[in-house]
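Below: one structure, written as structure tokens.
Bear in mind that the values in this text are calculations on the coordinates, not laboratory data. A quick note: this is a predicted structure, and the numbers were derived from the prediction, not measured. Reconstructed Cβ throughout: ideal geometry from the backbone, glycine too, with neighbour counts over all protein chains shown.
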Amino acid sequence: MAETSAAAPMEQAEAHTHSGGVLLRSIVIGLTAFLTVVDLFATQAILPSLTRHYGVSPAAMGFAVNASTLGMAFSGLAVGYFSREIDRRKGILISLVLLAIPTALLAYAPDLTTFTILRVLQGLCMAAAFTLTLAYLGEHYNAADSASAFAAYITGNVASNLIGRLISAAVADHFGLASNFYFFAVLNLLGALLVYFTIEKTPCMKCVTPAMGSHFEAWIMHLKKPALRASFAIGFCILFAFIGTFTFVNFVLVQPPLGVGAMTLGFVYFVFVPAMATTPLAGRAVRRFGTRPTFWAALGVAALGLPLLVLPSLPAVLLGMVLVGAGTFFAQACATGFVGRAATSDRGAASGLYLASYFFGGLIGSAVLGLIFDMFGWAACVAGIAVALVGAALLAIFLKTPIQPEAMAH
């Protein structure tokens, strides 16, 4: 009995220490994600101002702002293809340093074409860091910890949506559009600094497993798996729906009858706070209920928000945004974690394929839903978003993978 009572405080202390370490790890992972993709959606908060500045239509400006997803799609493929040769830490570090260049140059973009090209270049750098980080997490953590690590990374993504938009709206409103892009260039460099001090050096995958096949064979291997094919298509649908909602709702918010002001528009994105609170729970939910039930529940939450988006009431629209944001981010955390578990080898290639499909979904979503918005209005745009969510729900039927021995041990 004495030994048991003496051991209990020691076990509690060890559990407390482990819990503290997990929390610190999650904060670092989330902050890395935040500083990696903070440029991606922050510009959406100043879409109406950019539309007036360049004198173009909402659809044209929406496509230009979301052109970063084109760069991210191609970069995800390229980095995934060559990921075996790329040192994770060095690759992430260089990508974030280079990201600051097109970010700063956006302050000088004289026309929409130049603006669009610089956004594509931003996407190339962001996706390189994003893909390599996902691969690093999948390779660095065991099956028991990877779901939580991926959820922490997506939570940082959620935070970038909220805080990035708030910062963008505030800086642009008080100091002008140019100052906004300078500020975000500084954030890119801070991200590189964080990676320098927190990401561990790892050997390239080719050095660890020199007998692996060609890069193309790795892609074919992943695409032969129905579960992974479905997850890639799900990524497409998720960002298609998310981009459609949070790009064009900006124009609805600033027009009558809602009439939200430019500065207030930034505060509207506090709708992402619930997603910041719920997304970290995705890993735990998947472990308890399974990937498919958790994913379907997340999509159900997002679907509940869609009818509210078309009501002529600001509280209703805001609640709809809360539900769509929380649901799609939770679903993204489920899908991202699933790819990391289902890809039993060459996770860099799998992450690249997933992210390429994910960001192509954003690009196509901004183009297609932008045309629908211009031609038929917001209600038709929301209907298109609903179709994407239904598609994702149907594809989730295939999200099934054998339990790995390592996962069973934990």
Exercise. Can you sort Arg341, Arg165 so the residue with the fewest Cβ neighbours within 10 Å comes first?
Worked result: Arg341, Arg165
Exercise. Taking only C-alpha pairs under 8 Å that are 6+ residues apart, what is the relative contact order of region 26-403 in percent?
Worked result: 29
Exercise. If you stretched the chain out fully between Val273 and Asp87, how much longer would it get, using 0.36 nm times the residue separation minus the C-alpha to C-alpha distance?
Worked result: 63.5 nm
Exercise. Tell me, what ³J(HN,Hα) does each residue in region 268-275 have, in order and in whole Hz, if you take phi through Karplus 6.51 cos²θ - 1.76 cosθ + 1.60 with θ = phi - 60° and put x for Gly and Pro?
Worked result: 4, 7, 5, 4, 7, 4, x, 5
Exercise. Residue separation times 0.36 nm, minus the C-alpha to C-alpha distance between Phe197 and Phe289: what's the value?
Worked result: 29.5 nm
Exercise. Between Lys225 and Leu371, what is the label-to-label distance in nm when each label sits 7 Å out along the Cα-to-Cβ direction?
Worked result: 3.5
Exercise. Of the peptides 327-339, 64-76, 384-396, how do they stack up when ordered by the mean number of other Cβ atoms within 10 Å, highest first?
Worked result: 327-339, 64-76, 384-396
